[in-house]
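S.K.: After the structure tokens below, expect a handful of questions from me.
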Amino acid sequence: MPTQTNAFSRRAHDGSPSGGLWFEVELDGRKVLLDGGASVRLIAEDVTRFSPEPVDLATQPACLRAAATLLRRTVLLPPPLVRPYFAVCALQGWRRVQARQLAAWSGIPMNTLKCRLATARLTPAGVAAWNLTLHAAWLLDVAALPARTVVSCMRLGRASALGAALGARGVRYAAGRIEPGAFAAALERYLAVLRAAFPA
């Protein structure tokens, strides 16, 4: 599972292919770069230098593969001033984290973030809840993990908390299961929310 992020800072990465904006986060005890330019890619770091090779997601924990999917599909829709928060939510949404902590990791003061999102009729807690739901749906639907495993790895404590997280965003959950394709359907609803909030 990803470790708690001490800081999620924006910085330019010398020698990056796009020469654009990069995000840096620590996952599983190693630093990972996220290319926030024209595309979204996870880049692994070895001890001495950054490797140009993308992370092999097939060998990574399920939560990291879910995060990579959310990053690819969602992180470029919000404008740059709030994009770090959406990236942090996608990366850290595999368990329940207070929106204030997510904002701190993104480097955006909470009050500033609230004001920026209010113009788009979004809230920090709402964005975090969407990502929690999508991670849960991905683990149940795409990774096909049993509900008790999802509850444990997401640190939700009990199955009713998993059901509440899914139900809050319209994902039907019964007898420890969700419908096949529920992740894709929920992701499309979230994308529709983001497109309405941040029209091109």
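S.K.: Look at Ala66 and say whether it is modelled with pLDDT of 85 or more and on the phi < 0 side of the Ramachandran plot.
M.R.: Answer is yes for this residue.
S.K.: Considering only the stretch 135-150, state which residues are free of Cβ contacts under 8 Å to residues at least 12 places away in the same chain and in a helix (DSSP H, G or I).
M.R.: Thr149
S.K.: Cβ-Cβ under 9 Å, sequence separation 6+ or interchain: first residue in the stretch 181-200 and assigned to a helix (DSSP H, G or I) and at pLDDT 95 or above, partner basic (Lys, Arg) and buried (at least 17 other Cβ atoms within 10 Å of the Cβ). Which pairs?
M.R.: Cβ pairs passing all conditions: Ala186/Arg169; Leu187/Arg73; Arg189/Arg169; Tyr190/Arg73; Tyr190/Arg169; Leu191/Arg73.
S.K.: On the given criteria, is Ala103 free of Cβ contacts under 8 Å to residues at least 24 places away in the same chain, surrounded by 22 or more Cβ atoms within 10 Å (Cβ to Cβ) and under 23 Å from Arg65 (Cα atoms)? Lay out the reasoning, then the answer.
M.R.: Working: free of Cβ contacts under 8 Å to residues at least 24 places away in the same chain: yes; surrounded by 22 or more Cβ atoms within 10 Å (Cβ to Cβ): yes; under 23 Å from Arg65 (Cα atoms): yes.
Criteria met by Ala103.
S.K.: Which residue out of Leu132, Leu91, Leu102, Leu113 is assigned to a helix (DSSP H, G or I), under 22 Å from Ala185 (Cα atoms) and modelled with pLDDT of 90 or more?
M.R.: Going through Leu132, Leu91, Leu102, Leu113 in turn, just one is assigned to a helix (DSSP H, G or I), under 22 Å from Ala185 (Cα atoms) and modelled with pLDDT of 90 or more: Leu132.
The values are calculated or read from the model by the stated rules, or taken from the named source; none is laboratory data. All values derive from a computational prediction rather than experimental measurement. Note that each Cβ is placed from the backbone with ideal geometry, even for glycine, and that neighbours are counted across all protein chains shown.
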